[in-house]
Amino acid sequence: MQYQNKILLLSFAASVILSLIIVPILRKLKVGQIERTEGPESHLKKQGTPTMGGIIMILVLIVIGVFIYLDFRIDQAETAKAILPLIGVAGGFGIIGFIDDFKKLVLKNTKGLSPKAKMLGLLIVAVAYTIVLVKVFNIGTDIYIPFVKEYITLPMWFYIPFAVLVMLAATNAINLTDGIDGLSTSVTTIILTCLTVISILFGVKEVTSVGAILIGACLGFLLFNLNPAKVMMGDTGSLMLGGAIAGIALYLKMPLLLLIIAIIPIIETLSVMIQVAYFKKTGNRVFKMTPIHHHFELSGWKENKIVSVFSLITLVFCIIGLFAI
């Protein structure tokens, strides 16, 4: 545990230092937030806030990840080897988000990556990670059933598309949650902490180490991302964090646990689906605006209140999740 605590603190320090360096660079390059005109009117004042800040967390993950890989390789070769796909899946999703952000914010192509190209990229990373877990690391196709506290083994033909779906759903859900200052970072940090605690309980050292990096990186970034945010994570950060959560859950054989501990991203996603379906059918809306955090904004809630309440809900459900294993 002392080793992981040092990793977390090192990652936190690295994240803060990189933020102090990179945020002014993003501001100088005018890599600013583009607010939707159909979004909440209060968000228009955020126009121009440096975004694409997820590169800070990706850099921390890669640099500290390489450091612990080299350290473990000396006398814990298997653990060192297992760290690589965990870093790879988060970094892979993050790179796709970076390309999208780069096209929109730097090249001024407002459309960014086309939906088909973006989905194809996410699909390639998800399939590659799943195959590596099953074929290279031989982790099996069994998954843990919360509360029942038993494993079930899925046939290969079902497990691979299931795992891919989990990753695509997680990245989309975290992306939708990233709508107000500090929300996605706060909620994701709590979820990652829960998964890291589980890895400690089960003695999965590679997940504990990568989890510690991600928690430290998120906490450092959060200092600059809380309202009023000095930097936004962009798709670079949200896709990376979504990939990290799904990748870790699959590695731990606990993707179904995300139905509990990732309750806020799930609700955010469902709110959009319900709104679209109901509007197409009736021409009316269920919520004032979706994702649902915007509904509460338009209902008079301050951003900090939404972040606090949603984070508290996530914490409660993460505690329930721990009792479910």
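Only the coordinates and a few stated rules stand behind these numbers; no lab work does. These figures come from a predicted structure and were not determined experimentally. Cβ placement follows ideal geometry from the backbone for every residue including glycine, while neighbour counts extend to all protein chains displayed.
Where does helix 115-131 land angle-wise versus the long Cα axis of the chain, in degrees 0 to 90, nearest 10?
That helix lies at roughly 20 degrees to the long axis.
Once the Cα atoms of helix 263-282 and of the chain are each reduced to a long axis, what angle between those two axes, in degrees from 0 to 90 to the nearest 10, is obtained?
The angle comes out near 50 degrees.
Taking the Cα atoms of the range 94-176 alone, what are Rg (to one decimal) and Dmax (as a whole number) in Å?
Rg and Dmax of the range 94-176, Cα atoms, are 16.2, 51 Å.
Where does each of Trp157, Trp301 land when they are ranked from fewest to most other beta-carbon atoms within 10 angstrom?
Trp157, Trp301
Looking at the range 231-325, which trypsin sites (Lys or Arg not before Pro) are DSSP coil and have at most 15 other C-beta atoms within 10 Å of their C-beta?
Arg285, Lys288, Lys302
Can you divide the C-alpha Rg of the range 177-325 by 2.2 N^0.38 Å and report the result to two decimal places?
Dividing the Cα radius of gyration by 2.2 N^0.38 Å gives 1.08.
Within 10 Å of each residue's Cβ, count the other Cβ atoms and sort Leu59, Leu133 from fewest upward.
Arranged by neighbour count, lowest to highest, Leu59, Leu133 become Leu59, Leu133.
Cα centroid distance between the range 188-240 and the range 1-28, in Å?
12 Å
When the Karplus curve 6.51 cos²θ - 1.76 cosθ + 1.60 is applied with θ = phi - 60°, which whole-Hz ³J(HN,Hα) does each residue of the range 146-158 get, with x for Gly and Pro?
x, 6, 5, 6, 9, 9, 10, 9, 9, x, 4, 4, 9
If neighbour count is taken as other Cβ atoms inside 10 Å, put Thr185, Thr177 in order from fewest to most.
If I rank by nearby Cβ atoms, fewest first, I get Thr177, Thr185.
Taking 7 Å along the Cα-to-C-beta vector as the label spot, tell me the Lys288-Ala128 distance in nanometres, rounded to one decimal.
For the pair Lys288/Ala128, the computed spacing is 4.3 nm.
Identify which of the listed values of Cα extents along the principal axes in Å was calculated from the structure shown: (i) 106, 39, 31; (ii) 54, 47, 36; (iii) 63, 51, 41.
(ii)
Amide H neighbours of Thr49 under 5 Å, at least 5 residues apart or on other chains, H built in the peptide plane: list them.
Residues meeting the criterion, in which the H sits 1.01 Å from N, are Gln33.
Excluding same-chain residues fewer than 8 positions from Lys103, which lysines have a Cα within less than 26 Å of its Cα?
Output for Lys103: Lys28, Lys30, Lys45, Lys46, Lys111, Lys116, Lys118, Lys230.
Output the relative contact order of the range 2-259, whole-number percent, from Cα pairs under 8 angstrom with separation of 6+ residues.
Details: 405 pairs, mean separation 89.2, N = 258.
Normalised by residue count, the contact order of the range 2-259 is 35 percent.
Whole-Hz ³J(HN,Hα) for each residue in the range 165-181, computed from phi via Karplus 6.51 cos²θ - 1.76 cosθ + 1.60 with θ = phi - 60°, x for glycine and proline: what do you get?
For the range 165-181, the Karplus-derived couplings read 4, 4, 5, 5, 5, 5, 5, 5, 5, 5, 4, 5, 6, 7, x, 9, 4 Hz, x marking Gly and Pro.
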